[in-house]
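The values are calculated or read from the model by the stated rules, or taken from the named source; none is laboratory data. Given the structure is predicted, the values throughout are model-derived calculations rather than measurements. Cβ placement follows ideal geometry from the backbone for every residue including glycine, while neighbour counts extend to all protein chains displayed.
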Amino acid sequence: MHFLLLFSRQGKLRLQKWFTPVPEREKKKIVRDMTTMVLGRKPRSCNFLHWKDLKIVYKKYASLYFCCGLDAEENELLALEVLHRYVELLDKYFGNVCELDIIFNFEKAYFILDEFLLGGEVQETSKQVLSRSIEASDMLQEVCFGRSCLLSVLSIIFSVVL
Amino acid sequence: MPAPIRLRELIRTIRTARTQAEEREMIQKECAAIRSSFREEDNTYRCRNVAKLLYMHMLGYPAHFGQLECLKLIASQKFTDKRIGYLGAMLLLDERQDVHLLMTNCIKNDLNHSTQYVQGLALCTLGCMGSSEMCRDLAGEVEKLLKTSNSYLRKKAALCAVHVIRKVPELMEMFLPATKNLLSEKNHGVLHTSVVLLTEMCERSPDMLLHFRKLVPQLVRILKNLIMSGYSPEHDVSGISDPFLQVRILRLLRILGRSDDDSSEAMNDILAQVATNTETSKNVGNAILYETVLTIMDIKSESGLRVLAINILGRFLLNNDKNIRYVALTSLLKTVQTDHNAVQRHRSTIVDCLKDLDVSIKRRAMELSFALVNGNNIRGMMKELLYFLDSCDPEFKADCASGVFLAAEKYAPSKRWHIDTIMRVLTTAGSYVRDDSVPNLIQLITNSVEMHAYTVQRLYKALLDDISQQPLVQVSSWCIGEYGDLLVSGQCEEEEPIQVTEDEVLDVLEGLLVSNLSTPVTRGYSLTAIMKLSTRFSSVVSIYGSSIDVELQQRAVEYNALFKKYDHMRPALLERMPIMEKTASNGPTEIVQTNGETEPSVPDTKHPPLVTQPANQVTARSHDISVFTIDGSFFVTDDVLLNQWFNI
């Protein structure tokens, strides 16, 4: 997979993941091209397009379009399953996920994506294992925060005392 | 200094902006605040500020001043900081940035961190966007992690290794020892990523391919277990166990069995089993079948298996799901060269797909249809393809027209059929025909000698209907110019010859010249045609050479002589008339400047001359000198054109 994009019906970008090095200007152009092409498709068209030498696979979930760019040898039907799996993961994490969740918690959407795909390839095929990893990471964040809170409180007390 | 606002707060605020300008203002204000916060080296809120910056970056605003801050976050000990820091690095710090390499040390430390989630972050970042230098520096660490027993890290290390190999192929060797027992893993995550790693190595190196061929039996066993095993809640997708792993194994088998009989033999059974037992009601099952078909077609499979594969594709073509139909057409296109006969069996279904509503499917069906055309089915196929050309979207017409011409040239059953087909394309999709087709078609027509009369007749009739399609007009003009004499003499054998006079022909060509629809190229063609006709049509004058009317007879003979023996004088003779005084209608007539061969015209009592110009004798509206009539009208309408003509 070369890239994965999420954008709204109005063409607003909600998430962008690039798996190959692309210059900033080029990224903007690709995003523009993808949004134009995908949003311009008729409602009951097939989910595959051709763009340059890439296969573009897209799927609409509620108000969000999930769009990815594949190499010629990659399996488009499986890519649909990959997109679907990502949506399922988001849904499990946020509970009935909607676009607003992705907007206000975009960094979490990225964290989940980074547990699911690495370098454009699937790294974990079990939903449960993946969810557990995310939970553990979140927990670590809490603990860390808690610990640092405690540390900063203690340092304030000490600085007052001393 | 008040605490910087929270991320969610910022997002909420920005979303209330009603115009782009308002949004830009908010962003600029916040960026300024963030910048000063960065300057103060504030550790507590750095994470929050970078997160906000990343949000603004997604909206399209510049965020480069946050790059160094990401590095500082990565170097922090707090997990929260690292998480956002690495995210920021992946979004802002691709390998083109100067700051990129500074990450290397941090990543190295984190790869050896005590917490696996930190190690995971480092592996993920390296595997997504590590530059070649970084990969070179850190490959050793990745290799170490590939051998760990921690499956969480092992699966990430495998994909990280894939990235390293893509960036620095020479490092492939160093990962070889670690791959030894990768496939004995029970953990599906590790299995999946291991298969991806093995695939990458085999694709890049023939030596590796040879080395890993011995894994075929093990891969077959794993695949078999997946299919035969009962329901496994962890990996189940619509009743199928771990389809992601199944597809990757099938792909690896494809590469391993590609040019090797033994390996292909060893996987024969499992492929047949997958092909027949996979549930096809949902997309996931079809994804596996699709991969299976691709594998069967690529390895050295026995013919029975190949037929099975093509039949699966044939069934796909009838599936309600558009995606499946599309994928079937794409696969058939890949195999049509090697398994032509098998694909031919599905020709009627493929041709039906030309009528599909989906644009992507139509395109594939068109390409495949052209690939299936041969001497036996040319008539039937061409009928379908021409119907498609009539009704398809403009984006297809050029390619379809070119395809039709090519196919017609290769397999035309008769010359007449060939000309008819060309005619059909020119009249229905004439404006979309490629420019280079026009000379090719002209050459084709020239070569079909016995069809000249028929061709020119049909083209003439087409011109009468429509002069807007330039390629049609150009080819027609050219043909009329060459074979106009056949047209008027009614020599057509193939169909009922039409009655057309030279006058009418020249009128039509003249019409092309003055029409706004004609491009300069088209006008050139018509002009040349008219020029040519002036030689071919001169014989019309001789018809009146035996006219009862002596006057006509004389003129006819003399004009004929003019064309034949004194052609060099024609420019002078047909030169523009000088301005004449108004005289009485019966006054002395102006004589065409000749060398005395023709006599001064006697006032013609039969045809009352037009009032003002006595010189109208020369341009009298009688048919025998219709050529001059047309010249006369050229005088009136387009001086420049006429001068150009005679200056050739």
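Based on this model, can you work out whether A:PHE48 counts as more than 21 Å from B:ILE84 (Cα to Cα), of a type outside the set (Lys, Arg) and within 11 Å of another protein chain (Cβ to nearest Cβ)?
yes
Check B:SER263, B:SER348 and return the single one that is surrounded by fewer than 17 Cβ atoms within 10 Å (Cβ to Cβ) and either on the phi < 0 side of the Ramachandran plot or in a helix (DSSP H, G or I) (or both).
Exactly one residue qualifies, and that residue is B:SER348.
Could you list, in sequence order, the residues of segment A:68-78 that are touching a Leu at 6+ places or on another chain (Cβ under 7 Å) and crowded, with 23+ Cβ neighbours inside 10 Å?
A:CYS68, A:GLY69, listed by residue number.
Report, by residue number, each residue of segment A:112-132 that is over 15 Å from the mean Cα position of the chain (by Cα) and either over 18 Å from B:CYS160 (Cα atoms) or more than 10 Å from chain B (Cβ to nearest Cβ) (or both).
A:SER126, A:LYS127, A:GLN128, A:VAL129, A:ARG132
Matching residues to (1) buried (at least 23 other Cβ atoms within 10 Å of the Cβ); (2) under 35 Å from the mean Cα position of the chain (by Cα); (3) away from chain A (no Cβ under 14 Å):
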position: B:ARG213; (1), (2), (3): no, no, yes
position: B:GLU234; (1), (2), (3): no, no, no
position: B:ILE255; (1), (2), (3): no, yes, no
position: B:LYS282; (1), (2), (3): no, yes, no
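Closer than 15 Å to A:ASN105 by Cα, part of a helix (DSSP H, G or I) and touching a Pro at 6+ places or on another chain (Cβ under 8 Å): which single residue out of B:ARG48, B:ARG83 fits that description?
Answer to the check: B:ARG48.
For segment B:72-87, name all the residues that are away from chain A (no Cβ under 12 Å) and surrounded by fewer than 19 Cβ atoms within 10 Å (Cβ to Cβ).
B:LYS72, B:ALA75
Would you check which residues across segment B:351-381 are in a loop (DSSP other than H, G, I, E, B) and either of a type in the set (S, T, N, Q) or buried (at least 20 other Cβ atoms within 10 Å of the Cβ) (or both) and list them?
B:ASP358, B:VAL373, B:ASN374, B:ASN376, B:ASN377
What strands (runs of 3 or more DSSP E) completely inside segment A:1-96 contain at least 2 residues that are within 25 Å of A:GLU107 (Cα to Cα) and over 13 Å from the mean Cα position of the chain (by Cα)?
Fully inside segment A:1-96 and qualifying: A:54-61, A:64-70.
Which condition breaks for B:SER331 when tested against (1) in a helix (DSSP H, G or I); (2) free of Cβ contacts under 8 Å to residues at least 40 places away in the same chain?
All conditions pass for B:SER331, except number (2).
For segment B:131-157, what are the residues that are among the polar types (S, T, N, Q) and in contact (Cβ under 8 Å) with a residue 12 or more places away in the chain?
Within segment B:131-157, B:SER131, B:SER132, B:ASN150, B:SER151 meet the criteria.
Please name all residue pairs, on different chains or six or more residues apart, with Cβ atoms under 6 Å, provided the first residue is in segment A:56-79 and is within 13 Å of chain B (Cβ to nearest Cβ) and without any contact (Cβ under 8 Å) to a residue 40 or more places away in the chain and the second residue is among the basic types (Lys, Arg) and surrounded by fewer than 23 Cβ atoms within 10 Å (Cβ to Cβ).
Qualifying pairs under 6 Å: A:GLU76/A:LYS55.
Only one residue in B:VAL343, B:VAL274, B:VAL293, B:VAL284 is over 29 Å from A:LEU83 (Cβ atoms), outside any loop (DSSP other than H, G, I, E, B) and aliphatic (A, V, I, L, M), so which one is that?
One residue alone meets the criteria, B:VAL343.
Here are B:LYS322, B:LYS362: which of them is closer than 26 Å to B:ASP436 by Cβ, free of Cβ contacts under 8 Å to residues at least 40 places away in the same chain and not aliphatic (A, V, I, L, M)?
After ruling out the rest, the residue left standing is B:LYS362.
Looking at B:LEU226, is it surrounded by 19 or more Cβ atoms within 10 Å (Cβ to Cβ) and either modelled with pLDDT of 95 or more or not small (Gly, Ala, Ser) (or both)?
For B:LEU226, the condition - surrounded by 19 or more Cβ atoms within 10 Å (Cβ to Cβ) and either modelled with pLDDT of 95 or more or not small (Gly, Ala, Ser) (or both) - is met.
So the check is Cβ under 9 Å with 6+ separation or different chains; which pairs have a first residue in segment B:199-214 that's farther than 13 Å from B:THR179 by Cα and a second one that's among the polar types (S, T, N, Q) and surrounded by 18 or more Cβ atoms within 10 Å (Cβ to Cβ)?
B:ARG213/B:SER263
Only residues that are surrounded by 20 or more Cβ atoms within 10 Å (Cβ to Cβ), away from chain B (no Cβ under 12 Å) and among the β-branched types (Val, Ile, Thr): list them for segment A:80-111, please.
Once the filter is applied, which keeps residues that are surrounded by 20 or more Cβ atoms within 10 Å (Cβ to Cβ), away from chain B (no Cβ under 12 Å) and among the β-branched types (Val, Ile, Thr), segment A:80-111 yields only A:VAL97.
State whether one or more residues within segment B:20-30 are within 14 Å of chain A (Cβ to nearest Cβ) and either crowded, with 22+ Cβ neighbours inside 10 Å or at negative phi (or both).
Scanning segment B:20-30, I find at least one residue that is within 14 Å of chain A (Cβ to nearest Cβ) and either crowded, with 22+ Cβ neighbours inside 10 Å or at negative phi (or both), so the answer is yes.
Of all residues in segment B:147-164 being crowded, with 21+ Cβ neighbours inside 10 Å and either assigned to a loop (DSSP other than H, G, I, E, B) or under 35 Å from the mean Cα position of the chain (by Cα) (or both), which is farthest from the other protein chains (Cβ to nearest Cβ)?
B:VAL164
Go through segment B:481-529 residue by residue and tally those that are touching a residue at least 40 places away in the same chain (Cβ under 8 Å) and of a type in the set (Lys, Arg).
Qualifying residue count for the region: 0.
From the list B:LEU102, B:LEU68, which residue is farther than 28 Å from B:GLU23 by Cβ, at pLDDT below 95, surrounded by fewer than 18 Cβ atoms within 10 Å (Cβ to Cβ) and more than 14 Å from chain A (Cβ to nearest Cβ)?
Step by step, each of B:LEU102, B:LEU68 is checked, and only B:LEU102 is farther than 28 Å from B:GLU23 by Cβ, at pLDDT below 95, surrounded by fewer than 18 Cβ atoms within 10 Å (Cβ to Cβ) and more than 14 Å from chain A (Cβ to nearest Cβ).
Quick one: in segment B:407-460, of everything that is farther than 19 Å from B:THR522 by Cβ and among the aromatic types (Phe, Trp, Tyr), which residue is surrounded by the fewest Cβ atoms within 10 Å (Cβ to Cβ)?
B:TRP417
Residues of segment B:382-406 being outside any helix (DSSP H, G or I) and surrounded by fewer than 17 Cβ atoms within 10 Å (Cβ to Cβ), which ones?
B:ASP393
Is it fair to say B:LYS144 is surrounded by fewer than 22 Cβ atoms within 10 Å (Cβ to Cβ), away from chain A (no Cβ under 13 Å) and of a type outside the set (Asp, Glu)?
When the stated conditions are applied, B:LYS144 passes them.
Among the residues of segment B:255-274, is any among the β-branched types (Val, Ile, Thr) and under 16 Å from A:THR125 (Cα atoms)?
Scanning segment B:255-274 turns up no residue that is among the β-branched types (Val, Ile, Thr) and under 16 Å from A:THR125 (Cα atoms).
So, A:VAL22, is that one surrounded by 14 or more Cβ atoms within 10 Å (Cβ to Cβ), within 11 Å of chain B (Cβ to nearest Cβ), among the aliphatic types (A, V, I, L, M) and closer than 26 Å to B:ASN283 by Cα or not?
no
Only one of these is under 18 Å from B:SER468 (Cα atoms), of a type outside the set (D, E, K, R) and either modelled with pLDDT of 80 or more or more than 35 Å from the chain's Cα centre (by Cα) (or both): B:VAL505, B:VAL540, B:VAL500. Name it.
B:VAL505
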